[in-house]
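Structure, as structure tokens:
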Amino acid sequence: MEFFEQYLEKLNKEQIKEIKKLRELIFKTIPDIQETFDYNMPTYKYKNKKIIALAAQKNYYSLYILHTDILDKYREKLTRYNLGKGCIRFKTYESLDKDLIIEILKETTS
């Protein structure tokens, strides 16, 4: 069984649905991305560099932007989210500004 499926086994149905949507957005945005498993969560590499990761927490979801300088560039546009040093925390996939997330994801590959 692949590591992503193993990760999903630890989640409830709602978490699985939300994480799968976010994963699909990542693959649609960056078709050449490689999925790995690091830091106990799905992690994504582009040209052998880790660029993003995602996780389901008890009460929210996290999208980790592993190049914090890119996240810092977008902080003013992300004020409606709970931000960490390197992550965007959100309650539901539907609450995400997909266009902004796509823009950030694309920038991680440049």
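Throughout, read-outs are computed from the coordinates displayed, never taken from laboratory work. Because the structure is predicted, anything quoted here is derived from the model rather than measured. Cβ sites come from the backbone with ideal geometry, for glycine too, and all protein chains shown count toward neighbours.
Step through the table entries 45/73; 10/49; 28/77; 77/106; 17/49, compare each Cα-Cα distance with 25 Å, and write down the pairs that go over it.
Over 25 Å apart, Cα to Cα: 10/49; 17/49.
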Report summary line: With x for Gly and Pro, the residue-by-residue ³J(HN,Hα) of segment 50-56, computed from phi through the Karplus equation 6.51 cos²θ - 1.76 cosθ + 1.60 at θ = phi - 60° and given in whole Hz, is 5, 10, 8, 8, 9, 7, 9
Requested in this report: Classify segment 3-108 as rounded, prolate or oblate from the Cα gyration tensor: take a ≥ b ≥ c as the square roots of its eigenvalues, call it rounded if a/c is under 1.5, otherwise prolate when a/b beats b/c and oblate if not.
Outcome: oblate
Query raised in the report: Short version: ³J(HN,Hα) in whole Hz for each residue of segment 78-87, in order, from phi by Karplus 6.51 cos²θ - 1.76 cosθ + 1.60 (θ = phi - 60°), x for Gly and Pro, what are they?
Result: 10, 5, 7, 9, 7, 10, x, 4, x, 9
Query - Isotropic mean projected area of the C-alpha convex hull, segment 63-110 (nm²) - result: 3.0
Query - Residues whose placed amide H lies under 5 Å from that of residue 37, excluding near-sequence neighbours - result: 43
Requested in this report: Would you kindly derive the ³J(HN,Hα) couplings of segment 37-43 from the backbone phi angles with the Karplus curve 6.51 cos²θ - 1.76 cosθ + 1.60 (θ = phi - 60°), listing them in order in whole Hz, with x for Gly and Pro?
Outcome: 9, 8, 6, 6, 7, x, 10
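Let me know the longest stretch in the chain that avoids all GluC sites (Glu not before Pro) found in a DSSP loop with at most 14 other C-beta atoms within 10 Å.
Longest site-free region, per DSSP loop and neighbour criteria: 10-110.
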Query raised in the report: Taking springs between alpha-carbon atoms closer than 10 angstrom, which of 70, 51, 26 fluctuates most in the Gaussian network model of the chain?
Result: 70
Report summary line: By the C-alpha gyration tensor axes a ≥ b ≥ c (rounded if a/c is under 1.5, else prolate when a/b exceeds b/c, else oblate), the shape of segment 33-74 is oblate
